[in-house]
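Please read the structure below before turning to the comments.
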Amino acid sequence: MENQDLFYLTDTMASLAGIPVRIYQGKEKIHYSSMLSFPVDPVTGEEEKVFSLKDKVGYFYTEDFYYYVYVKSKEKTIVLGPSRFRKQNKQEQRDIAFRLGLDEEDTISFCSALDQLMPFPMESLLQVALALNLVLNGERKSLTEFLLPSLPKEKEEVNESPKTGEDQQENYGHNTLNIEKKLLFYVSHGDKEGLDHFLQSMPAIRPGLLSDNALRERKNLFIVIATLVSRAAIEGGLDSEDAFTLSDLYIQRSELVHEIYEINSLIFRMISDYTERVASLKTVSSSPLVQQVYTYVQKHISEDCSIDEIAAAVFLSRSRLCTKFREESGKTVKDFVMEQKIAEAKKLLVVTTHPLSQISTYLGFSSQSYFNAVFRKAVGLSPRAYREKNTGSEEAH
């Protein structure tokens, strides 16, 4: 197919689906089409993953639960996406913009474009790729080849113990129940150290059969574990809406997995994720009000987080919030908000290479000089000095 015809075809797809489409010649992007005004292509940073994929048609997902589909034909690669099972909140959108190194003006445009990106079912997006694959490669593929691959039983993990009788099955049941109780205990208590130690020493256990298909069986098991873990996290203080939304996202991601070992890896990641979130709450306070305020601030870390906004979020008057919060935490709401922003700044200074000006803007400070002054007062070092001390690298403005 001539380039101009391919450009016309992908432009039409981008218009109909409402999602960006790009074409690569080798590793060079030669065409991009989108109805949305992204200042930076959201696939930026994921290209190497695209180029490493071997199949002619398929999909991949990102750590933010966005998914893309792709088609390869000769030296060309066409990538459609991103799409997502659920829309993100504003803070999650700003997090992506921050990782891409966008300034405040571009961040606003980028988040606005993400917000206009309508959730597109994975099956529908993949069907578009399959149609494109037929046109370019002359191949007819079924959707079920990608969403429900069939794996013979004998390919299930060889380290799992075989069933040898009713007594053996009973032992599996008891062991599985004990493991389940321990895992849920670690999640609800936010015990990261205990969880890590337990996962390292956990025996191999064969789950009860839920399906005739080995991969489908493990995905069904994943759904059960996601439900249990999300409820344990809620018991530990995690916001119920956040817990269930996260569960939905992990379940959606599990449906995009081809191999059993990937499901197992995703299970451990999900359990660790929930445990770390509960641990963050536990380190703040056992007070439900303090945990509510902490959750709000974390969701709006890039914003001003005014006392009036927080009061409205926790359904208290401004004066009642200030009084009750100080009684239960020993701090003012304003000091607590700033404490959380400084904690986030310390993390970003160490784990990223973003300029101080970008970190300052991301955290909602009115200016870099104000950020420097507040950080120095709280930490005893300037942001630049703190980064140099903890990373050994110098920082530009």
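The values are calculated or read from the model by the stated rules, or taken from the named source; none is laboratory data. Given the structure is predicted, the values throughout are model-derived calculations rather than measurements. In this analysis, Cβ positions are derived from the backbone assuming ideal geometry, glycine residues included, and neighbour counts consider all displayed protein chains. Just the protein is used for accessible areas: all its heavy atoms, side chains included, with ligands, DNA and RNA removed. Shrake-Rupley method; radii C 1.70, N 1.55, O 1.52, S 1.80 Å.
A few notes on this one:
- Scanning the stretch 45-75 for residues that are polar (S, T, N, Q) and open to solvent by 60 Å² or more (accessible area, probe 1.4 Å) turns up just one, SER52.
- Condition met for PHE85 (in contact (Cβ under 8 Å) with a residue 40 or more places away in the chain, in contact with a strand residue (DSSP E or B) (Cβ under 6 Å, 6 or more places away or on another chain) and open to solvent by 20 Å² or more (accessible area, probe 1.4 Å)): no
- Only one entry in ILE108, ILE96, ILE78 is open to solvent by 40 Å² or more (accessible area, probe 1.4 Å) and either farther than 17 Å from THR245 by Cα or under 16 Å from the mean Cα position of the chain (by Cα) (or both), namely ILE108.
- Output for the stretch 118-135, where each listed residue is open to solvent by less than 10 Å² (accessible area, probe 1.4 Å) and within 18 Å of the chain's Cα centre (by Cα): MET122
- The condition of being in contact with an Asp or Glu (Cβ under 7 Å, 6 or more places away or on another chain) and among the hydrophobic types (A, V, I, L, M, F, W, C) holds for only one of LEU316, LEU363, LEU281, that being LEU363.
- Of all residues in the stretch 263-285, those satisfying the criterion of being over 16 Å from VAL337 (Cα atoms) and without any contact (Cβ under 8 Å) to a residue 12 or more places away in the chain are SER265, ARG269.
- Within the stretch 232-261, the set of residues being under 15 Å from ASN220 (Cβ atoms) and open to solvent by 20 Å² or more (accessible area, probe 1.4 Å) comprises ILE251, GLN252, GLU255.
- For the stretch 1-14, a residue qualifies if it is polar (S, T, N, Q) and within 19 Å of LEU130 (Cβ to Cβ), and the qualifying residues are THR10, THR12.
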